[in-house]
Ligand code: ZN
């Protein structure tokens, strides 16, 4: 799959740069199987939907009521939630993520919300590496609306790869999107600019939330981060949100970049897995954030894991490889692995 996108990519560059070539019967110039989208742009109060269908870009003006264009940030703390599920590091593996969500009853066979009043937390890194980012984003966008209507919630927490793309760091973008980008005549990050529906929606999202007695965050909360930033999570989310529009260069001119985008930051921290912390270190962090558990993604394992006597849960179950993955369930203070085939295994 990846190779075929690469061929299309190379050929697209070739066909765009070599306008003199008229060899249209060249099979390598065939983009007839290449489709992507929709991307919905907001331009002068109009909604313009662009799609690529069999290699051809189509554009149409949508009804202005079809999508909200203003997304108000959610609150950062939730209490008395009976059912929680967490899934992380999807990295464009839409088909596998859908399978996990279906088999565990979060969505139904029509890919509609089936988790009632439950809260589903996506613990960052939907972007990069894999080939079906946009499909995943639109699914989550829809599920968030459906969840709310059912008294549940979908929380899309931003991970380091969301922040990378929004800051134009495109090193991990899949070849498929290099083709789309060329065909649409926009840099990849511009497909999610503040003048797009999904781009605006992403810019309203949180980086860290607390549900019941658990914190959810992509990398983790480090001792150093607490020292530099404090523990006000609503304020932290606001700082992270407004940093999206700041340039890296400007953020790097002070300690800001190190605190919020460095190795000990919420989105990049790997210390629970690699820093040889002891139980007392974790307990101290938990006391400071007034929680009993921290659920993180970002560090890949073959399955969902617990560390430090169930204080830390790692929910990056290597979905990025495209073959297997799990989600975490929390019900009545009990933690379960939800496997790919829908079995629940108690921790
Ligand atoms: Zn990550």
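The values are calculated or read from the model by the stated rules, or taken from the named source; none is laboratory data. Only a predicted model underlies this, so the values are computations on that prediction, with no experimental measurement involved. In this analysis, Cβ positions are derived from the backbone assuming ideal geometry, glycine residues included, and neighbour counts consider all displayed protein chains.
Listing for the model above:
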{"read-out": "Verdict on residue 135 being in the same structural domain as residue 210 (by TED's automatic domain parsing) and touching a helix residue (DSSP H, G or I) at 6+ places or on another chain (Cβ under 6 Å)", "value": "yes"}
{"read-out": "Residue 197 vs. criteria farther than 23 Å from residue 137 by Cα, touching a strand residue (DSSP E or B) at 6+ places or on another chain (Cβ under 9 Å) and in the same structural domain as residue 295 (by TED's automatic domain parsing)", "value": "no"}
{"read-out": "Odd one out for residue 148 among (1) within 16 Å of the ligand (Cβ to nearest atom); (2) surrounded by fewer than 16 Cβ atoms within 10 Å (Cβ to Cβ)", "value": "(1)"}
{"read-out": "Which listed residue is surrounded by fewer than 21 Cβ atoms within 10 Å (Cβ to Cβ) and modelled with pLDDT of 95 or more, from 223, 162", "value": "223"}
{"read-out": "Single condition residue 86 does not satisfy, out of (1) surrounded by 21 or more Cβ atoms within 10 Å (Cβ to Cβ); (2) part of a helix (DSSP H, G or I)", "value": "(2)"}
{"read-out": "First in segment 102-131 and under 21 Å from residue 300 (Cα atoms), second anywhere and within 16 Å of the ligand (Cβ to nearest atom) and part of a strand (DSSP E or B), Cβ under 6 Å, 6 or more apart", "value": "121/86; 121/216; 122/87; 122/156; 123/86; 123/216"}
{"read-out": "From the options 244, 239, 231, residue that is in the same structural domain as residue 88 (by TED's automatic domain parsing) and in contact (Cβ under 8 Å) with a residue 60 or more places away in the chain", "value": "244"}
{"read-out": "Any strands (runs of 3 or more DSSP E) falling wholly within segment 271-347 and containing at least 3 residues that are crowded, with 16+ Cβ neighbours inside 10 Å and more than 16 Å from the ligand (Cβ to nearest atom)", "value": "327-331, 334-338"}
{"read-out": "Residues of segment 207-239 classified as within 16 Å of the ligand (Cβ to nearest atom) and touching a strand residue (DSSP E or B) at 6+ places or on another chain (Cβ under 8 Å), total", "value": "8"}
{"read-out": "Counted residues, segment 57-69 - those being modelled with pLDDT under 95 and under 18 Å from residue 184 (Cα atoms)", "value": "0"}
{"read-out": "Residue 230 vs. criteria at pLDDT below 95, surrounded by fewer than 21 Cβ atoms within 10 Å (Cβ to Cβ) and on the phi > 0 side of the Ramachandran plot", "value": "yes"}
{"read-out": "Scope segment 81-93; condition closer than 14 Å to residue 209 by Cα and more than 16 Å from the ligand (Cβ to nearest atom); matching residues", "value": "81, 84, 85"}
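Yes/no per residue for (1) free of Cβ contacts under 8 Å to residues at least 12 places away in the same chain; (2) more than 29 Å from residue 233 (Cβ to Cβ); (3) under 13 Å from the mean Cα position of the chain (by Cα); (4) within 16 Å of the ligand (Cβ to nearest atom):
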residue	(1), (2), (3), (4)
158	no, no, yes, yes
163	no, no, yes, yes
173	no, yes, no, yes
177	no, yes, no, no
184	no, yes, no, no
188	no, yes, no, no
203	no, no, yes, no
